[in-house]
Every structure is written in C-alpha cells, then in structure tokens.
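What follows is a single structure, written as structure tokens, with notes after it.
The values are calculated or read from the model by the stated rules, or taken from the named source; none is laboratory data. As the structure is a computational prediction, the values presented were derived from the model and not from experiment. Please note: Cβ atoms are built from the backbone with ideal geometry, for glycine as well, and neighbour counts cover all protein chains shown.
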Amino acid sequence: MNPQRFVIVGGGAAGFFAAITCAEERPGAEIFIFEKSSQFLSKVKISGGGRCNVTHACFDARELTTRFPRGERALIAPFKQFQASDTVAWFENRGVKLKTESDGRMFPTTDSSQTIIDCLLNAAHKSGVKLKTNCSVESVVKVTDGRFELTLVRNFPPSPPSAEERVGRGEGEESEKIVCDKLLLATGGCRTMALGQLAVSLGHTLEAPVPSLFTFHIETPWLRELAGVSLENVEAQIPGTKLRERGALLITHWGLSGPAILRLSAWGARELHEKNYRFMLQINWLPHLNEEKLLAEFQSRRQSQGAKLIVNSPVAPLPARLWEQLVIASGVANDTRWSAFPQPAQRKLIRQLLRAEFSVTGKSLNKDEFVTCGGIRLNEVNFKTMESKICPGLFFAGEVLDIDGVTGGFNFQAAWTTGWIAGNAMAR
C-alpha cells in the first residue's frame with residue numbers, strides 16, 4: 001500500500017512548521033513542500049533587519065490576539081493550543097535559544113536569521129520532508145476519490161535537473177501532475193487577487209488584499225532634513241478617525257516610520273487604502289505633557305533662563321535638531337530669548353509640540369515585515385484544525401488567511417501557530 005502523500009504549497013514559515021509537524025506526527029507519510037521561488041524562507045531571512053523577529057514575549061493567549069487588526073477572534077482558540085511560549089520551547093528543544101529585547105521582540109541569541117533558517121531546514125530534512133524549489137502550482141482540482149490533483153510548473157535552472165528534481169516529470173514536458181491525499185496552502189499574503197486563485201478554484205472566497213505595515217510619505221522639507229532622528233515615545237493619530245498609536249518613531253528621507261507609524265498603518269490598512277494614502281497626520285511629540293504643563297515650563301524658563309535663545313534650549317526629551325525645526329515652524333525667530341517669548345508665540349509652539357500636522361501623500365512598504373491585509377475569508381476555515389469548511393482535506397496556514405498582526409513578531413507567531421495546528425490535523 002502506498003504511503004499517504006501530503007503537499008504543502010509555500011516554503012515559508014507556516015509551510016515549514018506545518019510540514020515538520022506533520023512529518024514528526026506521521027512517520028512514513030510522503031510530505032512535499034513546493035516553493036515557486038529559488039529560495040525557501042526568504043521572508044524569515046530578511047525579517048528584523050536580518051535577525052529574524054521570531055515572536056513576541058506576550059505569553060497570554062487572549063492578550064496576544066489583541067495585536068491582530070484582522071483575525072483577533074479567530075486566533076483565540078489557536079493561541080490556546082500553541083502560543084509564544086510554545087514557540088520558544090520548540091526552537092530551544094532544537095538547539096536555538098531566543099532572547100527578549102526591551103520592547104518585547106524576541107530574536108535568536110545569534111542575532112542571525114540564518115540560525116532560524118538552518119533550524120527549520122535541518123528539522124525538515126531530519127523528518128523526511130521533500131523540499132522542492134522553483135516549482136509553482138499552476139492549478140488544483142479535487143478528483144472523484146477525494147484527493148487533489150495538482151498541475152506543477154517547474155522553473156529549472158540553466159543546468160539540467162537531476163533525477164531527484166524531476167518528481168516524475170517527463171522529458172521535454174513543461175508541466176507535470178501530482179496527486180496528494182491532503183493539501184495545505186501556505187502561500188503567504190495574497191498581494192493580488194490572482195495569488196489567491198488556488199483557494200478560489202476550490203470554492204473559497206478571498207477578501208481583497210491591501211497593504212499593511214507601511215511607512216508614510218511626507219513632503220514637508222524641514223522634516224526630511226531630520227532623517228535619522230528617532231524618538232522613543234510619540235503619539236500619532238489621524239484626525240477624523242479612531243486611529244491613534246503611541247510608540248517609537250523614526251524620521252526618514254521620505255517621511256515617517258517606526259513602530260508607532262507601522263501599527264497605525266496596520267490598524268488603518270483598509271481605511272487608508274480607501275483614502276488612496278492621502279490624509280492628514282497629527283503628531284504629539286511630547287505625549288507625557290499637556291498644554292498647562294508646557295506653559296508652566298515656558299514660564300519657568302522665562303524666569304531662570306531668560307537670556308538663553310529659545311532655539312538652543314529644547315524641552316526634554318526632544319532631540320535638539322527637532323526642537324530647532326519645531327521652533328522655526330511655529331514662527332519664532334532664531335534670536336528670540338525666553339525673556340521675550342510672548343503668549344501668542346507660546347501657543348503656536350505648543351501647537352507644534354502637541355498637535356503638529358503633516359500631509360501624507362503616499363506609502364512605502366516596510367521591507368523587514370511586508371504584510372498584507374486580506375486573504376481567505378476566516379468563516380470558511382475551522383480554526384481548531386485549520387481545515388477548510390468547504391473542501392475537506394484542504395488546509396490553510398499563515399498569511400494566506402485574512403489575518404495580520406502589528407509589527408513585533410506577531411505575524412510570525414500566527415504562522416507558527418496555524419502551521420503547527422494544520423500539521424497536526426493533517427497527520428491524524
């Protein structure tokens with residue numbers, strides 16, 4: 001009797017976790033990972049600036065779900081099965097220790113994503129998973145016996161393929177067919193509707209994909225002159241919406257980035273898409289202060305530092321370069337001293353400090369953690385098993401689902417969790 005054959009489409013974090021889990025739980029099964037590109041785990045490689053933000057030190061399943069703009073309710077049960085602490089244990093059991101940084105992000109102690117890649121590749125090889133790159137699934141149909149027939153397109157490198165690479169491919173053929181008992185789609189974010197067509201062809205519905213986790217283009221000249229300046233705690237909000245986030249911020253050559261901006265973009269992914277990424281942004285550079293406290297600070301400086309130039313005396317913890325530009329933007333002359341700081345000018349400076357407004361004219365994807373909002377409709381999937389409610393034997397894991405988290409390792413955690421659950425369910 002031939003062994004059961006399981007196919008995982010997509011060689012990313014979710015696909016590998018599912019394949020390894022399934023292989024370990026079902027020894028003897030024939031398990032393939034088909035990856036359309038020439039490299040497995042490409043997103044793992046670049047995550048966290050090449051360090052791989054594996055997960056986040058949030059060890060309460062319910063709290064963990066609150067970091068997901070899409071998928072919060074659906075992930076409650078999965079995170080109770082496999083959450084961040086389980087991820088830490090999984091890697092440590094395979095010789096990879098993780099460390100926690102001050103903001104909760106967790107990385108391998110080596111500070112190298114290659115450590116995670118090597119761990120996953122070794123676990124896959126050890127458990128007998130068959131790994132195939134340059135192999136895309138062109139179509140899939142469910143045949144009469146309940147199995148799946150996949151049409152594969154192989155993109156061979158210039159050198160002739162080895163016998164092992166052929167997987168039954170005939171000489172001179174452009175494509176081949178393979179039949180499997182169970183199928184897992186872990187193809188990553190559906191950046192276009194076309195990328196979700198395998199699931200659609202099997203009866204599923206795709207929520208239209210739009211970008212999430214992106215930075216803001218702002219053309220204000222003085223802001224761009226401050227590229228490289230960062231702040232640990234600001235409040236960013238979009239007037240006229242409920243979108244408001246606190247956290248670190250980075251001024252870039254094209255506008256604004258950093259965790260506060262990325263979280264704002266994630267929660268507002270669809271709303272900002274509808275605005276064509278053109279909207280007003282308001283920044284509170286000093287969220288720990290209010291207008292009354294700032295007026296008191298100005299009065300104190302007027303009395304104790306009256307001879308000093310305002311432009312050279314920043315209110316802590318603002319960087320000196322940013323303070324200088326905010327003073328100038330509020331209309332205060334460079335030679336104005338604290339002793340000669342009139343009330344109207346004080347009000348204008350306070351507005352720049354607490355309610356600075358910028359016109360956002362576009363976006364750029366965050367290269368470390370490019371994520372899409374959208375994917376397979378969640379009510380069509382059983383999250384206890386990650387199996388389709390529409391097509392038995394079909395499973396999903398990772399960002400192919402309409403699930404996305406904020407920056408900080410949450411999207412990888414969703415990939416590990418859904419991959420682990422799917423792999424276990426496929427093995428049963």
The listed residue being under 28 Å from residue 135 (Cβ atoms), part of a helix (DSSP H, G or I) and modelled with pLDDT of 95 or more, out of 88, 44: 44
Go over the candidates 385, 407, 336 one by one and state the one that is of a type in the set (Val, Ile, Thr), more than 25 Å from the chain's Cα centre (by Cα) and either farther than 28 Å from residue 216 by Cα or buried (at least 18 other Cβ atoms within 10 Å of the Cβ) (or both). 336
Those residues of the stretch 330-359 which are farther than 15 Å from residue 286 by Cβ and either assigned to a loop (DSSP other than H, G, I, E, B) or in contact (Cβ under 8 Å) with a residue 60 or more places away in the chain (or both), in sequence order: 331, 332, 333, 334, 335, 336, 341, 342, 357, 358, 359
Does residue 315 count as within 27 Å of residue 239 (Cα to Cα) and at pLDDT below 95? yes
Inside the stretch 10-41, the number of residues satisfying the requirement of being surrounded by fewer than 23 Cβ atoms within 10 Å (Cβ to Cβ) and more than 21 Å from residue 90 (Cβ to Cβ) is 7
Residues of the stretch 29-64 being touching a Phe, Trp or Tyr at 6+ places or on another chain (Cβ under 6 Å) and free of Cβ contacts under 8 Å to residues at least 60 places away in the same chain, which ones? 61
Out of (1) of a type in the set (Val, Ile, Thr); (2) more than 16 Å from residue 417 (Cα to Cα); (3) under 21 Å from the mean Cα position of the chain (by Cα), the one residue 133 does not meet is (3)
Residues of the stretch 273-298 being free of Cβ contacts under 8 Å to residues at least 12 places away in the same chain and either closer than 23 Å to residue 251 by Cα or of a type in the set (A, V, I, L, M, F, W, C) (or both), in sequence order, are 275, 276, 296
List pairs: first residue in the stretch 111-130 and under 21 Å from residue 52 (Cα atoms) and in contact (Cβ under 8 Å) with a residue 60 or more places away in the chain, second residue of a type in the set (Lys, Arg) and part of a helix (DSSP H, G or I) anywhere in the structure, Cβ distance under 8 angstrom, at least six positions apart or on different chains. 113/45; 114/45; 117/45
Does at least one position in the stretch 94-108 carry a residue that is at pLDDT 95 or above, crowded, with 21+ Cβ neighbours inside 10 Å and within 21 Å of residue 402 (Cα to Cα)? no
For the stretch 299-311, which residues satisfy the criterion of being more than 42 Å from the chain's Cα centre (by Cα), surrounded by 13 or more Cβ atoms within 10 Å (Cβ to Cβ) and touching a residue at least 12 places away in the same chain (Cβ under 8 Å)? 301, 302, 305, 308, 309
